[in-house]
Amino acid sequence: MKIFAYGIRDDEKPSLKDWEAANPEIEVDYTQELLTPETAKLAAGADSAVVYQQLDYTRETLEALAAVGVTNLSLRNVGTDNIDFDAARELKFNISNVPVYSPNAIAEHSMIQLSRLLRRTKPMDEKVVRHDLRWAPTIGREMRMQTVGIIGTGHIGRVAINILKGFGAKVIAYDKYPNAELQAEGLYVDSLDELFAQADAISLYVPGVPENQHLINADSIAKMKDGVVLVNVARGNLMDLDAVIDGLNSGKIADFAMDVYENEVGLFNKDWEGKEFPDPKIADLIARDNVLVTPHIAFYTTKAVQEMVHQSFDAAVAFAKGETPAIAVKY
Ligand code: NAD
Ligand code: COI
């Protein structure tokens, strides 16, 4: 049996090596190139292909892969929104993704950013680098004094709640489909408006599906407490960033951390050192003392990358054996 993987990054190679050592009977070959109509032929002779990319899996790409006999496709990430499912259905593709690889990775990052905002570590660190070792004016706030509003209590939101409990923060939460355990604990408020009115800090863990587009906008920000702290590690399109910038300018929003941006494709995971950002909004946000920008790295831990590689390769083998892995995408 042979698996061919596309877009393998250097940081994935140790996990790939582990997997190969545990599965010596499987032949593995890979390329750093992404799957395109042109590179599809590299998978010729393989039983399954493993991929991760933001490039679309178009009809042309899927047809090119099917033409070399590969119709098992295992994604190393969650998102399946870049697949032409009509074409995949017609070509009888088996597809899997990795819906849960390490919720802790993302939850931890969000709570680290919230803690950093509360303790003003960005201006404090900059002061220290300038050899200014005075205390003022970077006085911090304590987590246990905050009411933190969690929007979305799925895999990641629930880990964030546990971290917050450790800090002693008061947690309130909202989810369209409440979790029974959290409900029994009385953590839920009845509406987003209630969460907006009560929370000192708000962190989002909902998907960027069309109905959640700009969930955070001028109207919702107006309903929040003055001096609210916002954290978004979920998806860029959940926020109307212009409204957030207005909120920062007016002081309505005291601090903001973003790991995701609506226009991040082509911007994040690229080296812009010495070059001008194509997007002045990002340059403006990065320059602010009360804003933390990270380039979609909440997921980026050794454990998460290992899970993405191992789970996707396991699923690729299952498809090749004619089995349906638990993480097969139902479409
Ligand atoms: P999940 O599916 O387990 O949970 C999502 C929850 O959101 C569900 O409980 C759902 O009922 C709820 N929900 C959806 N729309 C809602 C709304 N409008 N109001 C209230 N609740 C709503 O997902 P997860 O694994 O916890 O991941 C959450 C999101 O985190 C993902 O969709 C993804 O966008 C993001 N994410 C980011 C990174 C990163 O590196 N920054 C990595 C992985 C995931
Ligand atoms: C996801 O898995 O949904 C992410 O946001 C992380 C991805 C960039 C690998």
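The values are calculated or read from the model by the stated rules, or taken from the named source; none is laboratory data. Since the model is a prediction, treat every value here as computed from it, not as a measurement. In this analysis, Cβ positions are derived from the backbone assuming ideal geometry, glycine residues included, and neighbour counts consider all displayed protein chains. Note: areas computed on protein heavy atoms with side chains; ligands, DNA, RNA excluded. Shrake-Rupley method; radii C 1.70, N 1.55, O 1.52, S 1.80 Å.
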Could you give me the ³J(HN,Hα) list for segment 182-198, computed from phi with Karplus coefficients 6.51, -1.76, 1.60 and θ = phi - 60°, whole Hz, x at Gly and Pro?
-> 5, 5, 4, 7, x, 7, 7, 9, 7, 8, 4, 4, 5, 5, 4, 6, 9
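I'd like the carbon and sulfur percentage of the solvent accessible area for segment 103-293, probe radius 1.4 Å, heavy atoms only, ligands and nucleic acids excluded. Could you put the intermediate results ahead of the total?
Numbers: 5120 of 9740 Å².
Of all accessible area on segment 103-293, carbon and sulfur atoms account for 53 percent.
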Pop a pseudo-label 7 angstrom from the Cα along the beta-carbon direction at both Asp125 and Phe167 and give the gap in nm to one decimal.
-> 1.6
At a probe radius of 1.4 Å, what is the per-residue accessible area of Ile327, in Å² to the nearest 10?
-> 30
Whole-Hz ³J(HN,Hα) from phi, Karplus 6.51 cos²θ - 1.76 cosθ + 1.60, for segment 88-103, glycine and proline x = 4, 5, 4, 8, 6, 6, 8, 10, 10, 9, 10, x, 9, 10, 5, x
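Ranked highest first by the average count of other Cβ atoms within 10 Å around their residues, in what order do 259-268, 107-116 fall? If you can, show how the numbers build up before the last one.
Details: 259-268: 17.1, 107-116: 21.6.
Packing order, densest peptide first, comes out as 107-116, 259-268.
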Gain in span if fully extended, Tyr300 to Ile139, counting 0.36 nm per residue against the direct Cα distance | 54.9 nm
List, in order, the whole-Hz ³J(HN,Hα) value for each residue of segment 318-331 obtained from phi through the Karplus relation with A = 6.51, B = -1.76, C = 1.60 and θ = phi - 60°; use x for Gly and Pro.
-> 4, 4, 5, 8, x, 9, 10, x, 4, 9, 5, 7, 8, 9
In this model, which of Lys165/Lys223; Lys122/Lys303; Lys225/Lys303; Lys13/Lys122 are farther than 29 Å apart at the alpha-carbon?
-> Lys225/Lys303; Lys13/Lys122
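Stretched out fully, how many nm does the piece from Glu185 to Glu63 gain, at 0.36 nm a residue minus the Cα gap? Could the numbers behind the result be given before it?
Numbers: separation 122, 0.36 × 122 = 43.92 nm, distance 5.08 nm.
Once the chain is fully extended between Glu185 and Glu63, it gains 38.8 nm.
Quick one: accessible area per residue over the chain, 1.4 Å probe, rounded to a whole number of Å²? List each step's numbers first, then the result.
Values: 16260 Å² over 331 residues.
Ligands and nucleic acids excluded, the result is 49 Å² per residue.
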Quick one: of the DSSP bridges fully inside the chain, what percent are antiparallel, nearest 5?
-> 5
Roughly what angle does helix 13-22 make with the longest principal axis of the chain, taking Cα atoms, 0 to 90 degrees, to the nearest 10?
-> 50
Cα-Cα P(r), segment 243-322, percent of pairs per 5 Å interval = 3, 11, 18, 16, 13, 11, 9, 7, 5, 4, 2, 0
The chain: Rg/Rh from Cα coordinates, Kirkwood Rh?
-> 1.02
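Counting Lys and Arg as +1 and Asp and Glu as -1, what is the net charge of the other residues whose Cβ lies under 10 Å from the Cβ of Val229? Let's see the in-between values first.
On the way: positive: Arg141, Lys225; negative: Asp200, Asp255.
That sum, taken over residues with Cβ under 10 Å, equals 0.
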So who's got an amide H within less than 5 Å of the one on Ser48, skipping anything under 5 residues away but keeping other chains? H placed 1.01 Å off N, in plane.
-> Lys2, Phe4
